[in-house]
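Below you'll find the structure, written out as C-alpha coordinates, and then a few comments.
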Amino acid sequence: MTRFVDVQNMVRWVAASGPENIIAGMIEYLEGDFRRWESFDKSPRVASHTPFGVIELMPTSDHETYGFKYVNGHPSNPARGFQTVTAFGVLADVHNGYPTFLTEMTVLTALRTAATSAMVARKLAGPDSSIMAMIGTGSQSEFQALAFRSALGITALKIWDTDPAAVEKFVRNMTPLGFDVTVASSAADAAQGAHIITTCTADKANATILMADVIAPGVHINAIGGDCPGKTELDAAILELGDVFVEFTPQTRIEGEIQQMPADFEVTEFWQVLGGQAPGRVSPEQITIFDSVGFAIEDFSALRYVRDAVAGSEYYEEIDLVANPEDPKDLFGLVGALSPVGT
(Lines give C-alpha, C1' and ligand atoms only; values in the text may rest on other atoms or scores of the structure.)
Protein backbone atom coordinates (compact mmCIF):
# COMPACT_ATOMS: atom_id res chain seq x y z
CA MET A 1 0.00 0.00 0.00
CA THR A 2 1.13 3.56 -0.76
CA ARG A 3 0.53 6.49 1.58
CA PHE A 4 -1.37 9.27 -0.19
CA VAL A 5 -1.91 12.90 0.82
CA ASP A 6 -4.61 14.49 -1.34
CA VAL A 7 -5.36 18.19 -1.65
CA GLN A 8 -7.91 18.21 1.16
CA ASN A 9 -5.54 16.53 3.60
CA MET A 10 -2.63 18.74 2.56
CA VAL A 11 -4.71 21.86 3.20
CA ARG A 12 -5.95 20.48 6.54
CA TRP A 13 -2.41 19.62 7.61
CA VAL A 14 -1.04 23.04 6.63
CA ALA A 15 -3.88 24.80 8.46
CA ALA A 16 -3.41 22.69 11.60
CA SER A 17 0.38 22.93 11.65
CA GLY A 18 0.74 26.55 10.47
CA PRO A 19 2.62 27.52 7.29
CA GLU A 20 5.46 29.22 9.16
CA ASN A 21 6.04 26.18 11.37
CA ILE A 22 6.08 23.95 8.29
CA ILE A 23 8.51 26.25 6.50
CA ALA A 24 10.83 26.25 9.53
CA GLY A 25 10.79 22.45 9.65
CA MET A 26 11.28 22.18 5.91
CA ILE A 27 14.32 24.45 6.04
CA GLU A 28 16.00 21.95 8.37
CA TYR A 29 15.36 19.11 5.89
CA LEU A 30 16.58 21.28 3.02
CA GLU A 31 19.79 22.20 4.80
CA GLY A 32 20.43 18.57 5.66
CA ASP A 33 20.00 17.47 2.06
CA PHE A 34 22.05 20.37 0.66
CA ARG A 35 24.87 19.39 3.02
CA ARG A 36 24.89 15.89 1.46
CA TRP A 37 24.41 17.27 -2.06
CA GLU A 38 27.17 15.16 -3.58
CA SER A 39 25.41 11.92 -2.59
CA PHE A 40 22.41 12.61 -4.88
CA ASP A 41 21.82 11.75 -8.52
CA LYS A 42 21.50 15.09 -10.31
CA SER A 43 20.32 16.10 -13.76
CA PRO A 44 18.46 19.03 -15.30
CA ARG A 45 14.71 18.48 -15.28
CA VAL A 46 13.05 16.89 -18.27
CA ALA A 47 10.90 19.59 -19.87
CA SER A 48 8.28 19.61 -22.61
CA HIS A 49 7.80 23.18 -23.87
CA THR A 50 4.81 24.37 -25.89
CA PRO A 51 3.43 27.82 -26.74
CA PHE A 52 1.05 27.36 -23.79
CA GLY A 53 3.69 26.63 -21.16
CA VAL A 54 5.87 23.81 -19.91
CA ILE A 55 5.37 20.39 -18.31
CA GLU A 56 8.34 19.01 -16.39
CA LEU A 57 9.57 15.95 -14.52
CA MET A 58 12.12 16.52 -11.74
CA PRO A 59 13.81 13.30 -10.54
CA THR A 60 16.55 12.57 -8.02
CA SER A 61 17.74 9.80 -5.70
CA ASP A 62 20.05 9.36 -2.73
CA HIS A 63 20.33 5.64 -3.58
CA GLU A 64 18.00 4.70 -0.73
CA THR A 65 14.95 6.69 -1.77
CA TYR A 66 13.95 7.87 -5.25
CA GLY A 67 11.74 10.90 -5.73
CA PHE A 68 10.25 12.91 -8.52
CA LYS A 69 7.84 15.79 -9.08
CA TYR A 70 5.49 16.36 -11.99
CA VAL A 71 4.92 20.10 -12.43
CA ASN A 72 3.58 22.48 -15.06
CA GLY A 73 4.08 26.19 -15.65
CA HIS A 74 1.44 27.95 -17.76
CA PRO A 75 1.55 31.75 -17.26
CA SER A 76 -1.68 32.38 -19.19
CA ASN A 77 -3.69 29.94 -17.06
CA PRO A 78 -5.19 32.42 -14.56
CA ALA A 79 -6.93 34.31 -17.38
CA ARG A 80 -8.58 31.00 -18.34
CA GLY A 81 -9.56 30.03 -14.79
CA PHE A 82 -6.64 27.70 -14.12
CA GLN A 83 -3.61 27.97 -11.81
CA THR A 84 -0.22 28.85 -13.26
CA VAL A 85 1.50 25.95 -11.48
CA THR A 86 0.18 22.54 -10.39
CA ALA A 87 2.15 19.52 -9.21
CA PHE A 88 2.26 16.15 -7.53
CA GLY A 89 5.18 14.09 -6.24
CA VAL A 90 6.26 10.54 -5.42
CA LEU A 91 8.80 8.81 -3.19
CA ALA A 92 9.83 5.22 -3.88
CA ASP A 93 11.99 2.57 -2.24
CA VAL A 94 15.15 2.13 -4.30
CA HIS A 95 15.56 -1.48 -3.18
CA ASN A 96 12.36 -2.77 -4.78
CA GLY A 97 11.14 0.19 -6.85
CA TYR A 98 7.78 0.35 -5.08
CA PRO A 99 6.22 3.81 -4.61
CA THR A 100 5.82 4.45 -0.89
CA PHE A 101 4.42 7.99 -0.79
CA LEU A 102 2.28 10.07 -3.15
CA THR A 103 1.15 13.63 -2.50
CA GLU A 104 -0.24 16.75 -4.08
CA MET A 105 2.54 19.29 -4.58
CA THR A 106 0.80 22.44 -5.75
CA VAL A 107 0.56 23.73 -2.18
CA LEU A 108 3.73 21.88 -1.19
CA THR A 109 5.80 23.44 -3.99
CA ALA A 110 4.76 26.91 -2.81
CA LEU A 111 5.99 26.03 0.68
CA ARG A 112 9.26 24.47 -0.50
CA THR A 113 10.06 27.35 -2.86
CA ALA A 114 9.59 29.81 -0.02
CA ALA A 115 11.57 27.64 2.38
CA THR A 116 14.46 27.40 -0.09
CA SER A 117 14.51 31.19 -0.55
CA ALA A 118 14.60 31.76 3.19
CA MET A 119 17.25 29.08 3.78
CA VAL A 120 19.54 30.78 1.27
CA ALA A 121 18.81 34.28 2.57
CA ARG A 122 19.79 33.26 6.10
CA LYS A 123 23.31 32.76 4.74
CA LEU A 124 23.50 35.46 2.07
CA ALA A 125 21.40 38.43 3.20
CA GLY A 126 22.83 41.09 5.49
CA PRO A 127 22.34 40.24 9.18
CA ASP A 128 20.43 43.48 9.80
CA SER A 129 17.97 43.02 6.91
CA SER A 130 14.53 44.25 7.93
CA ILE A 131 12.74 45.37 4.74
CA MET A 132 11.91 43.18 1.76
CA ALA A 133 10.70 44.32 -1.63
CA MET A 134 8.29 41.91 -3.31
CA ILE A 135 8.06 42.42 -7.08
CA GLY A 136 5.25 40.17 -8.23
CA THR A 137 2.35 39.38 -5.89
CA GLY A 138 0.96 36.23 -7.47
CA SER A 139 0.46 32.80 -5.92
CA GLN A 140 3.97 32.49 -4.47
CA SER A 141 4.18 35.91 -2.82
CA GLU A 142 2.40 35.22 0.48
CA PHE A 143 4.48 32.10 1.07
CA GLN A 144 7.67 34.11 0.51
CA ALA A 145 6.55 36.69 3.04
CA LEU A 146 5.81 34.03 5.65
CA ALA A 147 9.13 32.29 5.02
CA PHE A 148 11.18 35.45 5.44
CA ARG A 149 9.34 36.31 8.65
CA SER A 150 9.89 32.79 9.95
CA ALA A 151 13.58 32.62 9.08
CA LEU A 152 14.74 36.25 9.27
CA GLY A 153 12.05 38.07 11.27
CA ILE A 154 11.11 40.38 8.39
CA THR A 155 7.67 41.99 8.65
CA ALA A 156 8.11 45.19 6.58
CA LEU A 157 7.23 44.62 2.91
CA LYS A 158 7.22 46.90 -0.13
CA ILE A 159 5.19 45.36 -2.93
CA TRP A 160 4.51 46.01 -6.60
CA ASP A 161 2.76 44.17 -9.42
CA THR A 162 1.38 45.17 -12.80
CA ASP A 163 -1.94 43.60 -11.76
CA PRO A 164 -3.81 45.78 -9.21
CA ALA A 165 -6.02 42.83 -8.28
CA ALA A 166 -2.96 40.78 -7.31
CA VAL A 167 -1.68 43.65 -5.15
CA GLU A 168 -5.09 43.98 -3.47
CA LYS A 169 -5.16 40.22 -2.87
CA PHE A 170 -1.74 40.29 -1.21
CA VAL A 171 -2.65 43.20 1.06
CA ARG A 172 -5.92 41.50 1.99
CA ASN A 173 -4.18 38.25 2.87
CA MET A 174 -1.09 39.54 4.67
CA THR A 175 -2.08 42.69 6.56
CA PRO A 176 -4.24 40.74 9.05
CA LEU A 177 -1.26 38.45 9.71
CA GLY A 178 0.78 41.32 11.13
CA PHE A 179 2.80 42.47 8.12
CA ASP A 180 3.52 46.15 7.50
CA VAL A 181 2.75 46.37 3.77
CA THR A 182 3.55 49.39 1.59
CA VAL A 183 2.26 49.43 -1.98
CA ALA A 184 4.94 50.88 -4.27
CA SER A 185 4.37 52.76 -7.51
CA SER A 186 6.93 50.74 -9.52
CA ALA A 187 9.56 48.05 -9.21
CA ALA A 188 12.19 50.74 -8.72
CA ASP A 189 10.13 52.33 -5.97
CA ALA A 190 9.73 48.97 -4.24
CA ALA A 191 13.49 48.35 -4.39
CA GLN A 192 14.30 51.75 -2.88
CA GLY A 193 15.46 51.22 0.71
CA ALA A 194 14.90 47.43 0.67
CA HIS A 195 17.56 45.10 2.08
CA ILE A 196 16.20 42.06 0.24
CA ILE A 197 14.51 42.14 -3.16
CA THR A 198 12.41 39.17 -4.21
CA THR A 199 11.32 38.92 -7.83
CA CYS A 200 8.56 36.39 -8.47
CA THR A 201 6.76 37.19 -11.70
CA ALA A 202 5.13 34.60 -13.97
CA ASP A 203 5.36 36.06 -17.48
CA LYS A 204 7.16 33.64 -19.81
CA ALA A 205 9.36 36.25 -21.45
CA ASN A 206 12.80 37.82 -21.33
CA ALA A 207 11.45 40.57 -19.13
CA THR A 208 13.52 43.20 -17.32
CA ILE A 209 11.53 44.08 -14.24
CA LEU A 210 14.52 45.18 -12.16
CA MET A 211 17.24 47.49 -13.43
CA ALA A 212 20.84 47.65 -12.24
CA ASP A 213 20.69 51.35 -11.36
CA VAL A 214 18.27 50.72 -8.46
CA ILE A 215 20.41 48.10 -6.72
CA ALA A 216 22.10 49.49 -3.62
CA PRO A 217 25.24 48.07 -1.97
CA GLY A 218 24.55 45.27 0.49
CA VAL A 219 21.29 44.12 -1.11
CA HIS A 220 20.39 40.44 -1.41
CA ILE A 221 18.34 39.62 -4.53
CA ASN A 222 16.12 36.55 -4.41
CA ALA A 223 15.30 35.97 -8.09
CA ILE A 224 12.80 33.12 -8.28
CA GLY A 225 10.59 33.95 -11.28
CA GLY A 226 12.93 32.80 -14.05
CA ASP A 227 12.58 29.04 -14.45
CA CYS A 228 12.71 28.12 -18.14
CA PRO A 229 14.58 29.07 -21.33
CA GLY A 230 13.57 32.51 -22.55
CA LYS A 231 12.21 33.63 -19.17
CA THR A 232 14.18 36.17 -17.12
CA GLU A 233 13.46 39.04 -14.73
CA LEU A 234 16.74 40.88 -14.09
CA ASP A 235 18.69 43.39 -16.10
CA ALA A 236 21.77 41.36 -17.09
CA ALA A 237 23.96 44.15 -15.69
CA ILE A 238 22.75 43.24 -12.18
CA LEU A 239 24.55 39.91 -12.46
CA GLU A 240 27.84 41.80 -12.84
CA LEU A 241 27.28 43.82 -9.66
CA GLY A 242 27.76 41.03 -7.14
CA ASP A 243 28.11 37.31 -6.57
CA VAL A 244 25.63 34.87 -8.09
CA PHE A 245 24.58 31.71 -6.26
CA VAL A 246 22.66 28.87 -7.90
CA GLU A 247 21.26 25.43 -7.14
CA PHE A 248 22.53 23.17 -9.96
CA THR A 249 24.65 25.03 -12.49
CA PRO A 250 23.83 23.00 -15.64
CA GLN A 251 20.10 23.57 -15.12
CA THR A 252 20.43 27.23 -14.15
CA ARG A 253 22.49 28.04 -17.25
CA ILE A 254 19.52 26.83 -19.31
CA GLU A 255 16.68 28.30 -17.26
CA GLY A 256 17.93 31.00 -14.88
CA GLU A 257 18.98 34.61 -15.08
CA ILE A 258 22.46 33.50 -16.10
CA GLN A 259 21.13 32.24 -19.44
CA GLN A 260 21.78 35.88 -20.40
CA MET A 261 25.49 35.51 -19.64
CA PRO A 262 28.45 33.75 -21.32
CA ALA A 263 28.78 30.02 -20.65
CA ASP A 264 31.83 30.60 -18.46
CA PHE A 265 30.15 33.23 -16.26
CA GLU A 266 31.22 32.45 -12.70
CA VAL A 267 28.63 31.22 -10.19
CA THR A 268 28.69 29.38 -6.86
CA GLU A 269 26.44 26.44 -6.06
CA PHE A 270 24.78 27.09 -2.72
CA TRP A 271 25.54 23.66 -1.25
CA GLN A 272 29.20 24.70 -1.28
CA VAL A 273 28.40 27.64 1.00
CA LEU A 274 26.58 25.43 3.49
CA GLY A 275 29.45 22.95 3.43
CA GLY A 276 32.11 25.62 3.98
CA GLN A 277 33.69 25.00 0.59
CA ALA A 278 32.88 28.47 -0.76
CA PRO A 279 32.24 31.86 0.83
CA GLY A 280 28.77 33.36 1.04
CA ARG A 281 28.42 36.96 2.20
CA VAL A 282 31.83 38.36 3.02
CA SER A 283 31.12 42.07 3.56
CA PRO A 284 28.26 44.45 4.39
CA GLU A 285 28.53 46.11 0.96
CA GLN A 286 28.49 42.88 -1.05
CA ILE A 287 25.56 42.35 -3.41
CA THR A 288 24.38 38.74 -3.45
CA ILE A 289 22.04 37.22 -6.04
CA PHE A 290 20.25 33.88 -5.64
CA ASP A 291 19.38 32.81 -9.18
CA SER A 292 16.83 30.17 -8.23
CA VAL A 293 15.02 27.98 -10.74
CA GLY A 294 13.97 25.17 -8.37
CA PHE A 295 15.74 21.82 -8.28
CA ALA A 296 14.67 18.23 -7.67
CA ILE A 297 16.59 17.83 -4.39
CA GLU A 298 14.42 20.58 -2.88
CA ASP A 299 11.31 18.61 -3.81
CA PHE A 300 12.92 15.48 -2.38
CA SER A 301 13.43 17.33 0.93
CA ALA A 302 9.85 18.60 0.93
CA LEU A 303 8.43 15.16 0.15
CA ARG A 304 10.41 13.55 2.96
CA TYR A 305 9.38 16.28 5.37
CA VAL A 306 5.67 15.82 4.68
CA ARG A 307 5.96 12.04 4.75
CA ASP A 308 7.56 12.17 8.19
CA ALA A 309 5.34 14.95 9.54
CA VAL A 310 2.04 13.22 8.73
CA ALA A 311 3.13 9.72 9.76
CA GLY A 312 0.62 8.27 12.21
CA SER A 313 -1.79 11.15 11.67
CA GLU A 314 -5.21 11.56 10.07
CA TYR A 315 -3.78 13.51 7.11
CA TYR A 316 -3.13 10.62 4.74
CA GLU A 317 -4.77 7.46 3.49
CA GLU A 318 -3.36 4.24 2.08
CA ILE A 319 -4.15 3.45 -1.53
CA ASP A 320 -3.73 0.29 -3.57
CA LEU A 321 -1.47 1.83 -6.21
CA VAL A 322 0.71 -1.14 -7.18
CA ALA A 323 -0.55 -4.51 -8.39
CA ASN A 324 0.61 -7.20 -5.98
CA PRO A 325 -0.20 -10.74 -7.20
CA GLU A 326 0.29 -13.61 -4.80
CA ASP A 327 2.74 -15.09 -7.32
CA PRO A 328 5.03 -12.22 -8.46
CA LYS A 329 5.43 -13.95 -11.84
CA ASP A 330 1.69 -14.36 -12.44
CA LEU A 331 0.36 -10.87 -13.09
CA PHE A 332 -2.21 -12.25 -15.53
CA GLY A 333 -3.66 -14.28 -12.68
CA LEU A 334 -5.05 -11.06 -11.18
CA VAL A 335 -7.26 -10.48 -14.21
CA GLY A 336 -7.54 -13.91 -15.77
CA ALA A 337 -9.74 -15.30 -13.02
CA LEU A 338 -12.16 -12.41 -13.51
CA SER A 339 -12.20 -12.42 -17.30
CA PRO A 340 -15.36 -13.71 -19.02
CA VAL A 341 -15.00 -17.18 -20.47
CA GLY A 342 -14.82 -17.10 -24.28
CA THR A 343 -17.57 -18.77 -26.31
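The values are calculated or read from the model by the stated rules, or taken from the named source; none is laboratory data. These numbers come from a predicted model, not from an experiment. Here the Cβ is made from the backbone with ideal geometry for all residues, glycine too, and neighbour counts use every protein chain on show. Note: areas computed on protein heavy atoms with side chains; ligands, DNA, RNA excluded. Shrake-Rupley method; radii C 1.70, N 1.55, O 1.52, S 1.80 Å.
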- prompt: Using a cut-off of 13 Å between alpha-carbon atoms, which aspartates and glutamates can reach Lys169, once sequence neighbours fewer than 8 places away in the same chain are excluded?
  reply: Glu142, Asp161
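Starting from the Cα gyration tensor of the stretch 99-239, take the square roots of the eigenvalues, sort them a ≥ b ≥ c, and report rounded, prolate or oblate (rounded when a/c is under 1.5, otherwise prolate if a/b is larger than b/c, else oblate).
Rounded is the answer for the stretch 99-239, as its axis ratio a/c remains below 1.5.
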Percent antiparallel among DSSP beta bridges (both partners in the stretch 106-194, rounded to 5): 0
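Can you compute the FRET efficiency between Lys329 and Phe52 using 1/(1 + (r/R0)^6), with r the Cβ-Cβ distance and R0 = 45 Å? Round to the nearest 0.05. Can you show the working numbers first?
Numbers: r = 44 Å, r/R0 = 0.97.
Using R0 = 45 Å, I get an efficiency of 0.55.
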query: the stretch 269-343 to the stretch 151-211: how many Å between their Cα centroids?
result: 31
query: Given the convex hull over the Cα atoms of the chain, what projected area results after averaging over all orientations, in nm²?
result: 20.6
message: Quick check: at a probe of 1.4 Å, how many percent of the accessible area of the stretch 181-306 sits on carbon and sulfur atoms?
response: 51
task: Enumerate by residue number the GluC sites (Glu not before Pro) in the stretch 1-108 meeting two conditions: DSSP loop (anything except H, G, I, E, B), and at most 13 other Cβ atoms within 10 Å of the site's Cβ.
output: Glu64
query: Where only protein heavy atoms count, and the probe is 1.4 Å, what is the accessible area per residue for the chain in Å²?
result: 45
query: Using alpha carbon centroids, what distance separates the stretch 76-145 and the stretch 1-38, in Å?
result: 10
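Any idea what the relative contact order of the stretch 74-217 is, in percent, if you count C-alpha pairs under 8 Å spaced at least 6 apart? Display every interim value, and only then the final one.
Values: 206 pairs, mean separation 32.5, N = 144.
It rounds to 23 percent for the stretch 74-217.
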query: With all protein chains present, how much of the accessible area of the stretch 1-160 (probe radius 1.4 Å) comes from carbon and sulfur, to the nearest whole percent?
result: 58
message: Apply the Karplus curve 6.51 cos²θ - 1.76 cosθ + 1.60, θ = phi - 60°, to the phi angles in the stretch 182-199 and return the couplings in whole Hz, x for Gly and Pro.
response: 10, 8, 8, 8, 6, 4, 5, 5, 5, 6, 4, x, 7, 8, 10, 10, 9, 10
task: Using the Karplus curve 6.51 cos²θ - 1.76 cosθ + 1.60 with θ = phi - 60°, work out ³J(HN,Hα) for each residue of the stretch 135-151 in order, rounded to whole Hz, and write x for Gly and Pro.
output: 9, x, 10, x, 4, 7, 4, 4, 5, 4, 4, 5, 5, 6, 5, 4, 8
- line: Going residue by residue through the stretch 31-39, the Karplus relation 6.51 cos²θ - 1.76 cosθ + 1.60 with θ = phi - 60° gives ³J(HN,Hα) values, rounded to whole Hz and with x marking Gly or Pro, of 4, x, 6, 5, 5, 10, 3, 5, 7
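Quick check: from the Cα gyration tensor, does the stretch 1-141 come out rounded (a/c under 1.5), prolate or oblate?
Values: a/c = 1.42, a/b = 1.11, b/c = 1.27.
Taking the square roots of the gyration eigenvalues as a ≥ b ≥ c, the stretch 1-141 is rounded.
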statement: Among Ser313, Leu303, Leu274, the residue whose Cα sits farthest towards the positive end of the charge dipole of the stretch 267-324, when +1 is placed on the Cβ of each Lys and Arg and -1 on the Cβ of each Asp and Glu, is Leu274
- request: Hey, can you grab everything whose amide H is under 5 Å from the amide H of Glu269? Only 5+ residues off in sequence or another chain; H modelled, so Pro and N-termini drop out.
  value: Val246
message: Charges on Cβ only, +1 for Lys and Arg, -1 for Asp and Glu, centred on the Cα centroid of the stretch 115-198; of Met119, Ile131, Ala166, which one is farthest towards the dipole's positive end?
response: Met119
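If a/c stays under 1.5 just call it rounded; otherwise compare a/b with b/c (prolate if a/b is bigger, oblate if not). Do that for the stretch 205-249, with a ≥ b ≥ c from the square roots of the Cα gyration tensor eigenvalues. Write out the running numbers ahead of the final one.
Working: a/c = 2.15, a/b = 1.28, b/c = 1.67.
Oblate, since a/c reaches 1.5 and b/c is not below a/b.
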